[in-house]
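Participant: Got a structure for you, questions after.
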């Protein structure tokens, strides 16, 4: 018996089923942006510019603090090849959040701030006894990034910015069943990620009141778990010597992203944004687990990923209805980095289409932001022949379908 299927859960390390982007990337960093299809690179809406384009922060008129939270309500189903039985995930809700605080002199050329957000994280719980139980049963993943940011307006039209992206906290719990001759055992991996540092830099240019452009680059970070715990249960004593590992380590690349955005302001009340994101997923070629002791005669396991680079296209707009009320709408199309024959239970990914809406109401220095997103991940089928041709038989053949609804709310205060 080979245990390569253990590696399937590793693709979800600090990730899981992404709510609003391909692969395991999540972009729910700003409540206003969420309502506009996720655009923001070519705009200077508010303090969330720290995430989308640090260069735009210096052009944000107000200093302020904002806090937002989203609920990701996913419905995933799976039908195994040759079966008519549809398996659905047990219900779970994940609540990624964001916090921003921006400071600087009212008439000055610079802004500084701090951002805290959760770009990776999910919770998946497959149905009891589903066909892929030896690949994955449960994932519970958490991550928190902290980003101190500085932005400077070189001229009235041009500004630059940079932030340190710190993986301040990451935790992962992954579980699957183990097929034994006359029963099933269970394995659980539980670990904390090491702190890692990258950067997020951007340039923002607004040649006139009706046009703005931006470009940003978020660097790659390797998320590494060392000395994670390995626990076995329901293993008969006669098989205990085959499952001796107590610790594991693994590294997952969190890929670099280059983004370009355009903002158009036809009138003082209407703003339109268009973004293109290029994610360097091709750096993710394989995932390796190292164990301190053997699992069925081996201390190292490797699983192919062979991701490909992918683009995301985003379009959105907002309209100021009254002095206090602003409404928003948008859409996005996201290419999947996962090739045919490489789909895994923890990331049943495919090309996806998102529709978004939102509104804000301000009263004095306070404001409330609401957003909602509907994400349809296209049906994805892989056959046993696909798995054999790609030497990826450590995963399961069948069809995945996923729809996600993401409501969100934010509170902000400007000073």
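Participant: At 0.36 nm per residue, and after removing the present C-alpha to C-alpha distance, how many nm does the segment from residue 327 to residue 106 gain when stretched out fully?
Facilitator: 76.8 nm
Participant: If each DSSP helix of 4+ residues adds -39,500 (n - 2.57) and the sum is divided by the residues in the chain, what number results at 222 nm, nearest 500 deg cm²/dmol?
Facilitator: On the way: 3 runs with 14 residues, N = 415.
Per the formula, -500 deg cm²/dmol.
Participant: Regarding region 238-369, what whole-number volume in Å³ per residue does the convex hull of its Cα atoms give?
Facilitator: 179 Å³
Participant: A further question on this structure: Could you give the length gained on full extension between residue 219 and residue 179, defined as 0.36 nm per residue of separation minus the Cα-Cα distance, in nm?
Facilitator: Here the answer is 10.4 nm.
Participant: What nm distance separates the two modelled labels at residue 391 and residue 229, each placed 7 Å from Cα along Cα→Cβ?
Facilitator: Each label point is offset 7 Å from its Cα along the Cβ direction, giving 3.6 nm.
Participant: Something else about it: Note down the relative contact order for region 4-414 as a percent, whole number, built from C-alpha pairs under 8 angstrom at least six residues apart. Working shown, then result.
Facilitator: Details: 1311 pairs, mean separation 83.8, N = 411.
The normalised contact order for region 4-414 reaches 20 percent.
Participant: Would you mind getting me the FRET efficiency between residue 366 and residue 339? Use the beta-carbon distance for r and R0 = 41 Å, nearest 0.05.
Facilitator: 0.30
Participant: Normalised radius of gyration for region 184-229, please: alpha carbon Rg relative to 2.2 N^0.38 Å, two decimal places.
Facilitator: Its radius of gyration relative to the 2.2 N^0.38 Å reference: 2.19.
Participant: Could you grab the relative contact order for region 236-301? Cα pairs under 8 Å, six or more apart, rounded to a whole percent. Mind dumping the intermediate values first?
Facilitator: On the way: 86 pairs, mean separation 27.8, N = 66.
Result for region 236-301 is 42 percent.
Participant: Could you check how many percent of all C-alpha pairs in region 80-191 are farther apart than 18 Å? Intermediate values should be presented prior to the final figure.
Facilitator: Details: 4122 of 6216 pairs.
The answer is 66 percent, as a whole percent.
Participant: Take each of the peptides 377-383, 232-238, average the number of other beta-carbon atoms within 10 Å over its residues, and list them starting from the highest. Could you put the intermediate results ahead of the total?
Facilitator: Values: 377-383: 17.3, 232-238: 11.9.
Sorting 377-383, 232-238 by mean packing, highest first, produces 377-383, 232-238.
Participant: When the Cα atoms of the chain are enclosed in a convex hull and the volume is divided per residue, what value in Å³ results?
Facilitator: Details: hull volume 49.8 nm³, N = 415.
In the chain, the Cα convex hull volume per residue is 120 Å³.
Participant: Same structure, new question: Given a Förster distance of 51 Å, report the FRET efficiency between residue 276 and residue 238 from their Cβ-Cβ distance, rounded to the nearest 0.05. Don't skip to the end; give the middle numbers.
Facilitator: Numbers: r = 57 Å, r/R0 = 1.13.
Between residue 276 and residue 238 the formula returns 0.35.
Participant: So, in nm, how far is label residue 413 from label residue 95 when the simple model puts each one 7 Å beyond its Cα toward the Cβ?
Facilitator: Once both label points are built, they end up 2.0 nm from each other.
Participant: Let me ask you something else. May I ask you to sort 87, 293, 242 by Cβ crowding, counting other Cβ atoms within 10 Å and putting the fewest first? List each step's numbers first, then the result.
Facilitator: Values: 87 19, 293 11, 242 16.
Fewest to most other Cβ atoms nearby, the residues stand as 293, 242, 87.
Participant: Just to be sure I understand the model, the point goes 7 Å from the Cα along the line to the Cβ. What's the resulting residue 75 to residue 199 distance in nm?
Facilitator: Reported label-point gap for residue 75 and residue 199 is 4.6 nm.
Participant: Quote the FRET efficiency, to the nearest 0.05, computed for residue 156 versus residue 260 with a Förster distance R0 of 22 Å and r equal to the Cβ-Cβ distance.
Facilitator: After rounding to 0.05, the efficiency reads 0.50.
Participant: Show me, bin by bin at 10 Å from 0, the whole-percent P(r) of region 53-112 based on Cα pairs.
Facilitator: Histogram of Cα-Cα distances, whole percents per bin: 17, 26, 17, 15, 13, 9, 2.
Taken together, the values in this text are just the output of simple stated rules run on the coordinates, not laboratory data. Because the structure is predicted, anything quoted here is derived from the model rather than measured. Positions of Cβ are backbone-derived with ideal geometry, glycine not excepted, and every protein chain shown enters the neighbour counts.
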